[in-house]
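Scroll down for the structure; my scribbles are underneath it.
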Amino acid sequence: MPTPRNARSKAGRLVTFALALEQLLNGVQLGFMLFLMAAGLTLVFGVMGLINLAHGSLYMVGAFACAAVAAATGSFWLGLAASLAFAAGAGALMEITVIRRLYNRDHLEQVLATYALILIFSEGTRWLFGSFPLYLDIPPLLQGAVSLPGGAQYPLYRLAIIVTGALVAGGLYLLISRTRLGMRIRAGESDREMIAALGVDIRTLYTLVFALGAALAGLAGAMVGAIQSVQVGMGEPVLILAFVVIIIGGIGSIKGAFVGALTVGVVDTMGRFLLPQILTLFVSPADAKPMGAAIASMLIYLVMAFILAVKPRGLFPAQA
């Protein structure tokens, strides 16, 4: 018969295991959200050779489109469809009016021009919606929680984000590797002059790739908007993580974006969870928490530096 002390110890281990599993799932969810951002970003950089700092603005456009349409219609699903449409449309318009003129420019001019687009999108969004954040309600179908081993409850909506990210990753793999459009995208990444000479409309191809990347960013913004606030400037912090993802995974590689996104999501989340607890072995709990948070905030960049030291082109470069 177990003693009360053993029962308490076992209960404590179950709680710790359930909490660790919950944080691991949070890391996977963050990873799939980053994949939706990074997939479009790495396609644009790999195919067009363009550094697009305004990619985070398309994430913001998707979130605001979803929030506005959901508020007007009462349907989250119509808002989600609107996020794809508005983000893809904004991306196509951006490519046709501005980005198309930057392909043959050096990266400094691309950075300056796309940074200007960030300011335009931010101020335009503030003019349309104001400075106060908007909020999205989780649809009734995805409300509630599921039980995890150990007794913890995990939100069903976060699991839906994981499933959506996995489905998009599978769809992108099939698109790039099994379709004629994917063949053209891969060819444009390898030799854009050759496919133009073979009669492929390179301008239309670039617009389609840019719109696809914008739609994925808008989808990420819409889905995250239901668990965070929708506000001006929300895309810039995510954009930094997306750049870390594509540097780790390899520029131009969807497989690299997938692996890099999961790596960044899990390392960042588990680092913030575990490091303060590990540091309590060496310092007082009062000091361990701020020290752990500070080290955890640097952890993904340390991982990036280590991977680049071992594989300077990332884990899965598109052109090995």
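Apart from one condition, P140 fits all of (1) open to solvent by 30 Å² or more (accessible area, probe 1.4 Å); (2) touching a residue at least 12 places away in the same chain (Cβ under 8 Å); (3) over 30 Å from I51 (Cα atoms); the exception is (2). Could you list all residues from region 43-57 that are open to solvent by 20 Å² or more (accessible area, probe 1.4 Å) and modelled with pLDDT of 85 or more? Scanning region 43-57 gives a single hit, L53.
Quick one: in region 203-237, of everything that is part of a loop (DSSP other than H, G, I, E, B) and of a type in the set (V, I, T), which residue is surrounded by the most Cβ atoms within 10 Å (Cβ to Cβ)? Full working, then the answer.
Initially, region 203-237 is screened for residues part of a loop (DSSP other than H, G, I, E, B), giving 226-229, 231-234.
Next, from what is left, pick out any that are of a type in the set (V, I, T): 227, 232.
Working: I227: 14, V232: 21.
Out of the qualifying residues, it is V232.
The residues of region 261-320 that are touching a helix residue (DSSP H, G or I) at 6+ places or on another chain (Cβ under 6 Å), open to solvent by 60 Å² or more (accessible area, probe 1.4 Å) and aromatic (F, W, Y) amount to a single one, F316.
Residues in region 134-173 that are closer than 24 Å to A18 by Cβ and part of a strand (DSSP E or B): 6 in all. Listed by first and then second residue, the pairs linking a residue in region 78-105 that is outside any helix (DSSP H, G or I) to a residue that is of a type outside the set (S, T, N, Q) and loosely packed, with under 15 Cβ neighbours inside 10 Å, with Cβ atoms under 9 Å apart and 6 or more places separating them unless they lie on different chains, are V98/A116; L102/E109.
The values are calculated or read from the model by the stated rules, or taken from the named source; none is laboratory data. Predicted model only: the values in this text are computed from it and were never measured. Note that we place each Cβ from the backbone using ideal geometry, even for glycine, and neighbour counts take in every protein chain shown. We work out accessible area using only protein heavy atoms, side chains counted, and drop any ligands, DNA or RNA first. Shrake-Rupley method; radii C 1.70, N 1.55, O 1.52, S 1.80 Å.
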